[in-house]
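Student: Can you read through this structure? Questions will come right after.
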Amino acid sequence: MTSYLALTSEQVKKAVAAVKKSKPVYAELLDFYGGVFEAQEDCKGRIDLEPLQLSEDLQTAKAREKLPLIEIEAFIYDENESANLFLTLCHLATEANPKLSAAAGVILNAIETTIKPDALFSGLLNGNEAIFENIANELGIEKPVLGFFTYNSLKPSLCACADQLAVYLDQNEPWLQAYCPICGNAPILSILEDEGQRKLVCSFCWHLWSAKRVHCPYCDGSQNKDLHYFYSEEEKDTRVDLCDNCKKYIKTLDTRKVARLIYPPLEQISTMHLDIKAQEMGFEPGVKLFMQV
Ligand SMILES: [Zn+2]
Ligand SMILES: [Zn+2]
């Protein structure tokens, strides 16, 4: 189910190199993100989590009500690995663009005084935006930057939780909702597979689920006449699906037109020019991209 995500860090490195070659304009950004992705995949192999369990009753009730399996605050994470990854990502960022490297330097200096990574991790999972606001103000950095390091340090654990929980999903009953069956978040990317089957990728836990082929994932009211898309001639593997009903868009990767290894977070980052174009056309992203800097 999450086969696209099950790449080793070595495979991720190859995928990043392939994209850098075909899109040199992204080389600098991918120098940084490539390091982030590799560190996250390496981390996945080391994390140690208690199994998340759902009772049969709860599982049945969730399926009946079309509710996601867990709330965000119920995700668990490996404290040591997440804290180590937080440091690794900050160190990687000191080599990135000036804005990010300056913020990373400030964060590294404040670790264990103003910043306790564990407090940020639980703050993110519990929706405690105030902690991010306060620390960002105190340190003179931007809140999304702090959110970026926090979310990306938790991400390997979040993905591991989602993989574990996926066994509770009913494989015979397609999940046709527009939100993730594991955590309830909106999709960040859409993927067309070999047979033309469409999958959506969760913006939070990166779980993939099957979706209706012609449908806006962000609103229920869309009809065929509301849906259209654009793509560029040079880059036919990714199109942008637009919905006139809710004025939102989602990028769709057509795997039938891609020869490289597919790693959804990389596809998301290396197509940001399409986000800019869609937004210039008056459409909004379907999810708030708080983790991108
Ligand atoms: Zn999810
Ligand atoms: Zn829509």
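The values are calculated or read from the model by the stated rules, or taken from the named source; none is laboratory data. What you see is a predicted model; the values in this text were computed from it and never measured. Glycine also receives a Cβ, built like all others from the backbone with ideal geometry; neighbour counts cover every protein chain displayed.
Residues checked against (1) assigned to a loop (DSSP other than H, G, I, E, B); (2) within 15 Å of ligand 1 (Cβ to nearest atom); (3) under 26 Å from Leu253 (Cα atoms); (4) out of contact with any Pro (no Cβ under 9 Å at 6 or more places or on another chain):
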| position | (1), (2), (3), (4) |
| --- | --- |
| Thr150 | no, no, no, no |
| Lys155 | no, yes, yes, no |
| Cys180 | yes, yes, yes, no |
| Ile188 | no, yes, yes, no |
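Student: Filter the range 12-39 down to residues that are touching a residue at least 24 places away in the same chain (Cβ under 8 Å), part of a helix (DSSP H, G or I), farther than 21 Å from Thr94 by Cβ and among the basic types (Lys, Arg), then give me how many there are.
Tutor: The number of residues fulfilling the criteria is 1.
Student: From Ile269, Ile276, Ile262, Ile250, grab the single residue that is of a type in the set (Val, Ile, Thr) and within 16 Å of ligand 1 (Cβ to nearest atom). Don't jump to the end; show me each part of the working.
Tutor: Working: Ile269 fails: within 16 Å of ligand 1 (Cβ to nearest atom); Ile276 fails: within 16 Å of ligand 1 (Cβ to nearest atom); Ile262 fails: within 16 Å of ligand 1 (Cβ to nearest atom).
Checking each option against the conditions leaves just Ile250.
Student: Under the condition of being within 15 Å of ligand 2 (Cβ to nearest atom) and in a strand (DSSP E or B), which residue from the range 199-220 is modelled with the lowest pLDDT?
Tutor: Ala211
Student: Confirm whether Asp42 is assigned to a helix (DSSP H, G or I) and under 30 Å from Asp237 (Cα atoms).
Tutor: Here the answer is yes, as Asp42 does meet what is asked.
Student: Quick check: is even one residue across the range 255-274 within 12 Å of ligand 2 (Cβ to nearest atom) and surrounded by 21 or more Cβ atoms within 10 Å (Cβ to Cβ)?
Tutor: Step one: list which residues in the range 255-274 are within 12 Å of ligand 2 (Cβ to nearest atom), which gives none.
No, the conditions are met nowhere in the range 255-274.
Student: Quick one: count up the residues across the range 97-119 that are part of a loop (DSSP other than H, G, I, E, B), among the polar types (S, T, N, Q) and surrounded by 14 or more Cβ atoms within 10 Å (Cβ to Cβ). Outline the logic, then answer.
Tutor: Residues of the range 97-119 part of a loop (DSSP other than H, G, I, E, B): 97, 112-114, 116.
Imposing the further condition that a residue be among the polar types (S, T, N, Q) reduces the set to 97, 113-114.
Right, trim to surrounded by 14 or more Cβ atoms within 10 Å (Cβ to Cβ) and you get none.
Within the range 97-119, residues that are part of a loop (DSSP other than H, G, I, E, B), among the polar types (S, T, N, Q) and surrounded by 14 or more Cβ atoms within 10 Å (Cβ to Cβ) number 0.
Student: Identify, by number, the condition in (1) without any contact (Cβ under 8 Å) to a residue 60 or more places away in the chain; (2) surrounded by 15 or more Cβ atoms within 10 Å (Cβ to Cβ); (3) under 30 Å from Gly45 (Cβ atoms); (4) among the β-branched types (Val, Ile, Thr) that Ile188 doesn't meet.
Tutor: Failed condition: (1).
Student: Another question about this same structure. I want to confirm something. Restricting to the range 191-213 and keeping residues that are away from ligand 1 (no atom under 14 Å from the Cβ) and of a type in the set (A, V, I, L, M, F, W, C), which single residue is surrounded by the fewest Cβ atoms within 10 Å (Cβ to Cβ)?
Tutor: Residue satisfying both the conditions and the ranking: Leu192.
Student: Look at Leu169 and say whether it is hydrophobic (A, V, I, L, M, F, W, C) and either under 18 Å from the mean Cα position of the chain (by Cα) or modelled with pLDDT of 95 or more (or both).
Tutor: Working: hydrophobic (A, V, I, L, M, F, W, C): yes; either under 18 Å from the mean Cα position of the chain (by Cα) or modelled with pLDDT of 95 or more (or both): no.
Answer is no for this residue.
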